[in-house]
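Comments concern the structure below.
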Amino acid sequence: MYARIIQLTAKPGKGKELVDTIVQRPLSVLEEQPGFVEAIALIPETEPDQFIGLSIWKSKADADRFAQGPGLQQLDSYKPLLQGEPTFRSFQLAASTAQNVRARGAASS
């Protein structure tokens, strides 16, 4: 399995609007994507204009297909709310206790 993290910084005072925009449409679009497993949205307690999204995929190819298609369209829809460019990181998923994720030992297979 494969995981991708996106970190976004909203313009000052636009953090809630950014999260609302991401949660309303993009998360439902993710659920329709081939290979999509799970998504987690995080907001740091002390930095309400920050957003971190974690998505888990069956394969790197599934994550890349989303990132190069629907993911780009989604990013364009909330770019006006952003301060700076998003940061992306990618990982092989070694283990998870999430119900939808069965990846214990997946990195070695």
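The values are calculated or read from the model by the stated rules, or taken from the named source; none is laboratory data. Note that the structure is a prediction, hence the values are computed from the model and not measured. Reconstructed Cβ throughout: ideal geometry from the backbone, glycine too, with neighbour counts over all protein chains shown.
Against the numbered list (1) in contact with a helix residue (DSSP H, G or I) (Cβ under 8 Å, 6 or more places away or on another chain); (2) exposed (fewer than 12 other Cβ atoms within 10 Å of the Cβ), S28 comes up short only at (1). Of the residues in the range 37-60, not one is in contact (Cβ under 8 Å) with a residue 60 or more places away in the chain and in a helix (DSSP H, G or I).
Considering only the range 69-82, state which residues are surrounded by 12 or more Cβ atoms within 10 Å (Cβ to Cβ) and over 14 Å from the mean Cα position of the chain (by Cα). The answer is S77, L81, L82. The residues in the range 69-96 that are under 16 Å from L27 (Cα atoms) and modelled with pLDDT of 95 or more can be counted, and the count is 0.
On the stretch given as the range 31-42, residues that are surrounded by 13 or more Cβ atoms within 10 Å (Cβ to Cβ), of a type outside the set (A, V, I, L, M) and either closer than 15 Å to Q74 by Cα or under 12 Å from the mean Cα position of the chain (by Cα) (or both) total 3. Selection within the range 1-21: residues that are aliphatic (A, V, I, L, M) and farther than 15 Å from P44 by Cβ. The member of this set that is surrounded by the most Cβ atoms within 10 Å (Cβ to Cβ) is M1. Within the range 6-25, the residues that satisfy the criterion of being in contact (Cβ under 8 Å) with a residue 12 or more places away in the chain, in a helix (DSSP H, G or I), of a type outside the set (K, R) and out of contact with any helix residue (DSSP H, G or I) (no Cβ under 8 Å at 6 or more places or on another chain) are G15, V19, V23. Go through the range 43-68 and give me each residue that's among the aliphatic types (A, V, I, L, M), touching a Gly at 6+ places or on another chain (Cβ under 9 Å) and surrounded by 13 or more Cβ atoms within 10 Å (Cβ to Cβ). Result: I43, A63.
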